[in-house]
Amino acid sequence: MPDQEELQPVTRRKFLETGTAALAALTALPAVAQTAQQQPVRSPDHHLSNESEPGPNNAVLDKQNRDSVWAPPTDAGGQPPFKYSFSLSHKRLEEGGWTRQVTVRDLPISKKMAGVEMRLIRGGIRELHWHVGAEWALMLYGSARITAVDQHGRAYVNDVHEGDLWIFPGGIPHSIQGIGDDGCRFLLVFDDGNFNEFETFLLTDWLTHTPPEVLAKNFGVPESTFANVPKKELFIFSRDLPRSLAEEKQQVEAVTGAVPNSFDFSPPKMKPTKTSKGGEVKIVDRSIWPATNIAAAIVTLKPGGLRELHWHPNEDEWQYYVSGKARMTVFAAGGRARTMDFEEGDVGYVDKSTPHYVENIGDTDLVFIEVFPTPHYEDISLAEWLAHTPSRLVDQHIAVGETMLNQIAKREAVVTPE
């Protein structure tokens, strides 16, 4: 049974005494908590105990990916990875060269585009074939002879060199042969994330899987004509170099003529679309290359240069880093952001209308390409958006002062500093 003191009503004095004691106890606790809160959780050189990494580490990858190991405090949420390196891809080796790919199977965010790197020795041939999707290419090294035939039987044959581009729309049969002193190496980009370089329509495959009597009837020749057709795909193989370009052009263009719009384009011969102190950009789309249905930007950033904060409203962006070192932060709806680092041979991917920037964090020029599965290039710059929005309204949002806002250039910089 409770005693009488416990049953006595709470008086105002007793309530105040109890409250004062409780308050004193509570004020003692925050002193400890406040001390804990004052302890820094990160340091510029990562020397704090909570930043230490005891135990095994992949030091090489850590050094290449510092913004993943030590994410900027501005990163937040669960933004998925948007980087994959060709160095991690399986390399298929053949007598005439090798190939490897990065598809949606390797980089799940890369839903609309896939990439292939290929090396052909001098005389190496990527056999006659075609794809459902379009093939956009950048010659990274050396020279090649490329051929194609369009849906009207019009022919195309030409030589391409380092820095040149080519495009083969979906369904257009084509071939590639290394003709440089040391062959060639090139990048292929396809407007299909599920593309598989190892499952293409090949000439040898088709003939092998067509009854000989049908082939004979189709061409009006004896069945024995096809006795030596390879029973297995050639894929990448080595043969003699082609005849002279002039001779092959004359042969293939007979009767039906040449394609009306060249399937190749030479960015090294064009003036930059935009030049600044921070670098330059060359935009190549249907406005200057009628044959292409894939748009691209070739970006060069000087050390410290920045591909300004922007997004692309019409399509996803597939990136390939040719040289140098970079970092990119991708911001997604819902306050999610992630920063990742890139080096040559790496692939990046940014969803449509998703803001990002690319910064040169190395001591040499950074060169990378932006590729889009659309004929026309489009972007929206953060600076240009703010410059053409009433300054009072913008300042009411971000409180930077109207003076600063009125100094923003009315045309996008693309590459900074200007």
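The values are calculated or read from the model by the stated rules, or taken from the named source; none is laboratory data. Only a predicted model underlies this, so the values are computations on that prediction, with no experimental measurement involved. Backbone-built Cβ (ideal geometry, glycine too); neighbour counts: all protein chains shown. To get the accessible areas, we keep the full protein, side chains included, count just its heavy atoms, and leave off ligands, DNA and RNA. Shrake-Rupley method; radii C 1.70, N 1.55, O 1.52, S 1.80 Å.
The set of residues in the stretch 363-408 being open to solvent by 30 Å² or more (accessible area, probe 1.4 Å), among the hydroxyl-bearing types (Ser, Thr, Tyr) and free of Cβ contacts under 8 Å to residues at least 60 places away in the same chain consists of Thr389, Thr403. Residues in the stretch 187-228 that are under 15 Å from His129 (Cβ atoms), out of contact with any strand residue (DSSP E or B) (no Cβ under 8 Å at 6 or more places or on another chain) and open to solvent by less than 70 Å² (accessible area, probe 1.4 Å): how many? So the answer is 3. Within the stretch 226-269, being within 22 Å of Asp182 (Cβ to Cβ), in contact (Cβ under 8 Å) with a residue 12 or more places away in the chain and small (Gly, Ala, Ser) holds for Ser238, Ser266. Residues of the stretch 317-331 that are surrounded by fewer than 22 Cβ atoms within 10 Å (Cβ to Cβ) and of a type in the set (D, E, K, R): Lys325, Arg327. Here's a check for you: in the stretch 281-302, which residue that is over 18 Å from the mean Cα position of the chain (by Cα) and of a type in the set (D, E, K, R) is farthest from Trp318 (Cα to Cα)? Once the filter is applied, the top-ranked residue is Lys302. Taking the stretch 234-280 as the range and being within 35 Å of the chain's Cα centre (by Cα) and among the hydroxyl-bearing types (Ser, Thr, Tyr) as the test, the residues that pass are Ser238, Ser262, Ser266, Thr273, Thr275, Ser276.
Residue-level check: of (1) closer than 25 Å to Arg243 by Cβ; (2) in a strand (DSSP E or B), Leu140 misses just (1). Kindly indicate whether Thr99 is modelled with pLDDT of 95 or more, hydroxyl-bearing (Ser, Thr, Tyr) and more than 18 Å from Glu233 (Cα to Cα). No: the conditions fail for Thr99. For the condition at pLDDT 95 or above and either in contact with a Leu (Cβ under 7 Å, 6 or more places away or on another chain) or open to solvent by 50 Å² or more (accessible area, probe 1.4 Å) (or both), Lys232 does not qualify.
Selection of the stretch 273-313 for residues being open to solvent by less than 50 Å² (accessible area, probe 1.4 Å), under 30 Å from Ile146 (Cα atoms) and of a type outside the set (Gly, Ala, Ser) yields Val281, Lys282, Ile283, Val284, Asp285, Trp289, Thr292, Asn293, Ile294, Ile298, Val299, Thr300.
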